[in-house]
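Before any comments, here is the structure.
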Amino acid sequence: MSYIATRAQDETLTSRTVYLPVYFQGCIGDTPIQTSAKVLATVLVCAPVSFVCGIAVQKMQRYRPANYVGWILMLIGLGRFSLLKADSPTAMWAGFQVVTA
């Protein structure tokens, strides 16, 4: 079962990694440099949240609750990406990245 979950997480991560630059460059018309700056919302959230989750897993001696919360937030965020349009405000695409990250 863990192999299936790992594969599914890899697919969602890959889709997010591919989708966001295409959205920023194709829909909004940003340059690659602007796109990389806009993806920072994802990058800057991942490291601190991973650190906190690692400490929580170590303290609780249970990893499943962190995985369940992570999956739920990631799926909600990925679903919210479908609401993005070419004229979506910055708070919308940045907020969706934070939830997904």
Original post:
Could you say which residue among ALA86, ALA5 is among the aliphatic types (A, V, I, L, M) and not in a helix (DSSP H, G or I)?
Top reply: ALA86
Original post:
Looking at the stretch 47-57, which of the residues that are surrounded by 12 or more Cβ atoms within 10 Å (Cβ to Cβ) and not hydroxyl-bearing (Ser, Thr, Tyr) is nearest to ALA86 (Cα to Cα)?
Top reply: VAL49
**OP:** Take the stretch 9-39 and flag every residue that is open to solvent by less than 40 Å² (accessible area, probe 1.4 Å) and not in a helix (DSSP H, G or I).
**Re:** ASP30, VAL39
Subject >> Where GLY70 falls short, out of the listed (1) modelled with pLDDT of 90 or more; (2) closer than 19 Å to ARG16 by Cβ >> reply: (1)
Subject >> Extreme residue, farthest from the chain's Cα centre (by Cα), among residues of the stretch 61-82 that are farther than 23 Å from THR14 by Cβ and open to solvent by 100 Å² or more (accessible area, probe 1.4 Å) >> reply: GLN61
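The values are calculated or read from the model by the stated rules, or taken from the named source; none is laboratory data. All figures in this text were calculated on a predicted structure; none of them were measured in a lab. Positions of Cβ are backbone-derived with ideal geometry, glycine not excepted, and every protein chain shown enters the neighbour counts. Just the protein is used for accessible areas: all its heavy atoms, side chains included, with ligands, DNA and RNA removed. Shrake-Rupley method; radii C 1.70, N 1.55, O 1.52, S 1.80 Å.
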